[in-house]
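Let me begin by presenting the structure, written as structure tokens, before commenting on it.
The values are calculated or read from the model by the stated rules, or taken from the named source; none is laboratory data. Just so we're clear, the structure is a prediction, and the values are computed from it rather than from any experiment. As a convention, Cβ positions derive from the backbone with ideal geometry for all residues, glycine included, and neighbour counts pool all protein chains shown.
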Amino acid sequence: MTEYVDCVVIGAGVVGLAIARALALAGREVIVIEAEPAIGTGTSSRNSEVIHAGIYYPTGSLKARLCIAGRQALYSYCEQRYIEHRRIGKIIVATSEGQLAELRKYAAQAAANGVADLRSLSAAEIAKLEPAVRCVGGLESPSTGIVDSHALMHAYQADIEASNGVVLLNTTVLGGQLRGDRIELRTADTALNAQIVVNAGGLSAQELSRSFLGMPPDAVPALFLAKGHYFTLSGRSPFSRLVYPIADSAGLGTHVTLDMSGRARFGPDVQWIDAVSYDFDMDRHATFCEAIRSYYPDLNPKRLHPAYVGIRPKIVGPGTPAADFCIRGPAEHGGAPYAALYGIESPGLTASLALGEHVTRLLLRRSSNMQVQHQSSGVAFDADPIASA
């Protein structure tokens, strides 16, 4: 038996839920399909829970534009929905004279992206703000924050269900077929004939797209997996803000973040892997200690304990500069009403509301050229979505 449905979003992580929410608020009937027994069990539950300012990303990129729009919307949304968050701020530190030039590049990049509140700090100024940190200079980002990501995802789910949407757990999409005006999906229990399908499958997004008949081979990018370990610091945190070193090619370095209880955690590192595995490698402890001591020399290794592992879905491999978000819509799928998101890593959490609006416009622009603005999210873009990357 085939069921005819309006919109299906595959994947109930923070981005999939945000997209489903935006579609539901646009008046569409939405079903979210999630293979796991709960929402947000993958990448969305294994990150730093940071609200990013938009400092690092190339000007005009999806990451830059959606991060800045999403950050503003996310703070507003959390205040409206009483979701625990803190605009805690962060400092980016240079630990040698040679790294000061990188700080200047960050400041210039942030200004070009529209981040206007960065402040240069001397080593003495940083010592007053964060006495445990040792460096030769830094940048302060007061608009960086932290958020309870699980509470955020439950709020998105509540918005979906309040708009008559449905979240189906323990349901796996086994494959399907792209057609000109609809998408056919198969699960273990039923077949669905959908007007719109969004693939927000995270680590499984490429595999899912390749399971669809009629999928253009060049529409699906390669997948590279970057595993990241996180350690927690037992006892009272010596930090009151987030502390980031100079970034490397695969990420933002082994940085300090704080959870909502004020506990300090360090990570992630970068370990390229061939298959998804959340096993914690305690051999990383010594490497972590070395990286952390570059800016926190008083670290007691006995206070550093394993926390969790996250895996970032990347579309470029080792030694390659970080890629932009990759969002492919009907134009890349022969006109079929299908959108797929690949390489949605940081700042995906920060950008989630903006990503929801962007994908909604990408799929609905054929039926409406009017500007759309959802008061509940505070996100507003022009009618045409930001160009796909």
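Residues of segment 23-55 being of a type in the set (D, E, K, R) and under 15 Å from the mean Cα position of the chain (by Cα), which ones?
Taking segment 23-55 as the starting set, the residues that turn out to be of a type in the set (D, E, K, R) are 28-29, 34, 36, 46, 49.
Those that are of a type in the set (D, E, K, R) and under 15 Å from the mean Cα position of the chain (by Cα): 46, 49.
Against the condition assigned by TED's automatic domain parsing to the domain that holds residue 342, over 20 Å from the mean Cα position of the chain (by Cα) and of a type outside the set (Asp, Glu), how does residue 240 come out, does it pass? Against the criterion (assigned by TED's automatic domain parsing to the domain that holds residue 342, over 20 Å from the mean Cα position of the chain (by Cα) and of a type outside the set (Asp, Glu)), residue 240 does not qualify.
How about segment 166-193: which of its residues are farther than 17 Å from residue 205 by Cα, surrounded by 20 or more Cβ atoms within 10 Å (Cβ to Cβ) and under 23 Å from the mean Cα position of the chain (by Cα)? Once the filter is applied, which keeps residues that are farther than 17 Å from residue 205 by Cα, surrounded by 20 or more Cβ atoms within 10 Å (Cβ to Cβ) and under 23 Å from the mean Cα position of the chain (by Cα), segment 166-193 yields only 167. Restricting attention to segment 50-63, the residues that are surrounded by fewer than 21 Cβ atoms within 10 Å (Cβ to Cβ) and not hydroxyl-bearing (Ser, Thr, Tyr) add up to 2.
Contact map, segment 108-126: first residue in contact (Cβ under 8 Å) with a residue 40 or more places away in the chain, second residue part of a helix (DSSP H, G or I) and surrounded by 14 or more Cβ atoms within 10 Å (Cβ to Cβ), Cβ cut-off under 8 Å, separation 6 or more or different chains; pairs are 113/64; 113/68; 114/68; 115/68; 118/106; 118/107; 118/110.
Quick check: anything in segment 4-13 of a type in the set (Phe, Trp, Tyr) and part of a loop (DSSP other than H, G, I, E, B)?
Restricting attention to segment 4-13, the residues satisfying the condition of being of a type in the set (Phe, Trp, Tyr) are 4.
Okay, now just the ones that are also part of a loop (DSSP other than H, G, I, E, B), so none.
The answer is no, given that none of the residues of segment 4-13 is of a type in the set (Phe, Trp, Tyr) and part of a loop (DSSP other than H, G, I, E, B).
When the strands (runs of 3 or more DSSP E) confined to segment 258-326 are screened for residues that are within 21 Å of residue 207 (Cβ to Cβ) and aliphatic (A, V, I, L, M), those reaching at least 2 such residues are found at 304-314. Within segment 74-95, residues that are at positive phi have Cβ atoms under 6 Å from residues that are surrounded by fewer than 24 Cβ atoms within 10 Å (Cβ to Cβ) in these pairs: 89/142; 89/241, counting only partners at least 6 apart in sequence or on another chain.
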